[in-house]
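**Q** Right, I'll just put the structure down here and ask away after.
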Amino acid sequence: MYRSRSRLSYKVVGSLILVFLLIFATFGMVISITFENTKRVSEKQKADLLLQTVEKSLQMTLYLKFYDQIAEKVSPAVSVPDVIELSVRDQNGKLLYRYSNPKSQSIENAITVSHQIKEPAFGQSMGSITLYYSDLAYDETRQSMYNVFYGVGMSIALIFFFAVWWVRNLLSPLGQIAQKVRDYRPGDHMVLEEDGSEEIEQIVTSFNAMQETTYRYLRQMEAMNISLEGAVQEKTLELENQYYSDRLTGLPNRFRLQEKLLQGEITALAIVNVDDFKEINDFFGIEIGDEILIQIGAWLNALSGSCYRLGSDEFVLTFSGNLSLGELEHRLVTLIKLLEEKTFTVKEESLTIRVTIGVALGTENILTRADIALHHAKENKKQIAFYNQEERVEEQYRSNLTMASDVRRALFEHRIMCHYQPIVDFKTGEINKYETLVRMIDDVGNMVPPMEFLPIAKQTKLYPQITLEVLYQACTLFATRSEEFSINLSDSDIRNTHTVSEIIRTITETGTAPRIVFEILESEGIESYAEVTQFITKVKALGAKIAIDDFGTGYSNFENILKLSVDYIKIDGSLIREISSNPRHHIIVETIIDFARKIGAKTIAEFVSDEEIYNTLKKLDVDYSQGYFTGKPMSL
């Protein structure tokens, strides 16, 4: 921003003159005030003295009431030219005598003096005499003083302008130096002229020394810049290599792959996923797992010549040119066979591996499509799968991503809610239990059934959050109620240490442990009965109960159920729906009821939808009924 500047000469002289003016003004003000007070007092004393000269004569004149002699008595006073007016009044204020000087000024700004005339004997007032005295002498003296001040002020102004001119001449060499310095650039050689004064000579000497120092540092900086440029180029290459290379394997990474894809030269892409790599890490340790990845990456790169590490246990092979589907499949099948025959050795540990490959051809979205093909291969237990646009897998993939996003927002916006379905006692007909069922409300307020969003949530990290949200809501509600309530847990929930610790904390803090029932989904399969048994032991110690859900169609047998020490067996709805018409289902349900009695567990029949089913189950001596016939899910 531009900033106005003033000359140093103006500043120097101006500062001196300003100081002098302040001193002069202060001194003048003091003199003026002192003079004004002193002079005015002096004039008033003169007027007072005049009255005193005639006061004694008037005293007897008024006392004897010789009013015609007043003029004679006051003549000494009125003969003074500075007297403007003199008046004498009796004690009642009646004017006895007045004198006005026709040549004098008006009495408006005159000095006024008034005395009381008292009786000689008793001192009582007989009247008064008032004198108006001219202040022209005071004004003339004051004006003379002001004239002196004006003269001094003009002299100061002349001195100021002369001093400015003189100082500017003295400082002009500095201005010339400043002009040259303004145009100076590092590396220039500038010659400054001396004018013979010691101060200018010191400035010139100092500036010349500064020039030498600047020139020396400039040369050093140039040398340093050359060195830094080389170091920066070297560091840039190093950082670029780090950015585009995988730290573990040294292979090009995802960023390099994305750049290559943008160039449009890649016409086919295969994602190679190492099967069960987590188990390798868990069994042999991360160090051996990392070494295996390094060896796999090196082997794939040597075989294909174009290998990238996508992340974790995934690699990418790229192909260019006009490869047919058959030729590409042949290459990849050969690769799979060779890889399965190869043994990888790390620290005396020998391993063979299997891989799953997803492949996409073309130049449009081939990385995403290869990933979709990989998921398709894993879901269908294939070793290799090619992306097929006609199978509409990509559409389903995008739909799943959208649903996952909807679930994430619903959790954040508290749109995951619970409904509770009554469980009725067959013997009493009373509702003394509820099953907690999760629901999701979409953006426009519609209810989304669990079968639409839970399968997607289970494929993401959102499912444990949903489990805990349902747990918090149910425990908060039933903390103030007396009924039992149940919550569904999957095998993955029980194997999640954070979820288990939150379950124990919540049921303890809310005091609901003695009334909560955890329904374990037997239909989904139980991978580790040891972990499930450990969980059951923990929660039962707090007073909770255990139910096996969807019993009768799952993967477990009666022997495994015996290991779990369950309190309730919930008979799967697929058996209940046709129990009145299907003898095989009737026999299976009878067997389950008999088994439950022998292990001391209660039975709950699911999907009781009409009276006929209800009566059939009641005859079979099932303990509890759950279904639309006895009560729909609802909010409490």
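**Q** So what is the calculated 222 nm ellipticity per residue for the chain, using -39500 (n - 2.57) for each DSSP H run with n of 4 or more, over all residues, to the nearest 500 deg cm²/dmol?
**A** -18000 deg cm²/dmol
**Q** Then there's this: Over all Cα pairs of the stretch 254-391, how is the pair count split among 5 Å bins, expressed in % and running from 0 up to the last occupied bin?
**A** It works out to 2, 10, 20, 23, 20, 13, 7, 3, 1, 0, in whole percents.
**Q** Right, something else. Hey, got the Cα dimensions of the chain along the principal axes, in Å, largest first?
**A** 161, 88, 46
**Q** A further question follows. Return, for the Cα atoms of the stretch 202-326, the radius of gyration and Dmax in Å, separated by a comma.
**A** 25.7, 91
**Q** What do you get for Rg/Rh of the stretch 400-625 when both radii come from the Cα atoms and Rh is the Kirkwood radius?
**A** Radius of gyration relative to Kirkwood radius: 0.96.
**Q** Quick one: order ILE503, ILE336 by neighbouring beta-carbon count within 10 Å, fewest to most.
**A** ILE336, ILE503
**Q** Here's something else I'd like to know. Among PHE535, PHE629, rank each residue by its count of other Cβ atoms within 10 Å, from fewest to most, as a rough exposure measure.
**A** Fewest-to-most ranking of PHE535, PHE629: PHE629, PHE535.
**Q** Please find the FRET efficiency linking GLU349 to ARG254, where r is the Cβ-Cβ separation and R0 is fixed at 30 Å, and quote it to the nearest 0.05.
**A** Rounded to the nearest 0.05, the efficiency is 0.55.
**Q** To the nearest 20 debye, what is the magnitude of the charge dipole of the stretch 487-591 about its Cα centre, counting +1 on the Cβ of each Lys and Arg and -1 on the Cβ of each Asp and Glu?
**A** 340
**Q** Label points 7 Å out from Cα along the Cβ direction at ALA530 and LYS46: separation in nm?
**A** 12.9
**Q** Further question: Using 7 Å Cα-to-Cβ label points, what is the ASP276/ILE23 separation (nm, one decimal)?
**A** Computed distance between label sites ASP276 and ILE23 equals 10.5 nm.
**Q** Could you tell me which helices of the chain pass both thresholds, a Cα extent of 15 Å or more along their own axis and a mean Kyte-Doolittle hydropathy of at least 0.0, with helices taken as whole DSSP H runs?
**A** 8-64, 136-182, 286-304, 325-341, 463-478, 529-541, 583-599
**Q** Ranked by Cβ crowding within 10 angstrom, fewest neighbours first, how are ASP82, ASP282 ordered?
**A** ASP282, ASP82
**Q** What distance in nm separates the simple spin-label points at GLU590 and LYS458, each placed 7 Å from Cα in the Cβ direction?
**A** Once both label points are built, they end up 3.3 nm from each other.
**Q** Now for a separate question. So what's the stretch 450-538 giving for Rg/Rh, alpha carbon basis, Kirkwood Rh from the mean inverse pair distance?
**A** Ratio value, two decimals: 0.95.
**Q** Let me ask something else about it. Report the relative contact order of the chain, percent, no decimals, based on alpha-carbon pairs under 8 angstrom and at least 6 residues apart.
**A** Details: 844 pairs, mean separation 42.7, N = 636.
Relative contact order here is 7 percent.
**Q** Would you mind getting me the FRET efficiency between MET447 and ALA231? Use the beta-carbon distance for r and R0 = 51 Å, nearest 0.05.
**A** So the FRET efficiency works out to roughly 0.20.
**Q** Let me ask something additional. Which ³J(HN,Hα) values in Hz, rounded to whole numbers, follow from the phi angles of the stretch 413-428 under the Karplus curve 6.51 cos²θ - 1.76 cosθ + 1.60, where θ = phi - 60° and Gly and Pro get x?
**A** Going residue by residue, I get 9, 6, 9, 8, 9, 10, 10, 10, 9, x, 10, 9, 6, 4, 6, 9 Hz, with x marking Gly and Pro.
**Q** How many angstrom lie between the Cα centre of the stretch 468-520 and the Cα centre of the stretch 54-85?
**A** 123
**Q** Moving on. Here are some pairs, LYS278/LYS433; LYS433/LYS538; LYS381/LYS458; LYS378/LYS461; which of them have Cα atoms lying more than 30 Å apart in this structure?
**A** As for pairs spanning more than 30 Å Cα to Cα, those are LYS278/LYS433.
**Q** Explain nothing, just the number: relative contact order of the stretch 247-352, from Cα pairs under 8 Å at least 6 residues apart, as a whole percent.
**A** Relative contact order, the stretch 247-352: 34 percent.
Read the figures in this text as sums done on the coordinates, not as results from a lab. Only a predicted model underlies this, so the values are computations on that prediction, with no experimental measurement involved. Because the Cβ atoms are built from the backbone with ideal geometry, glycine has one as well, and the counts that use them run over all protein chains shown.
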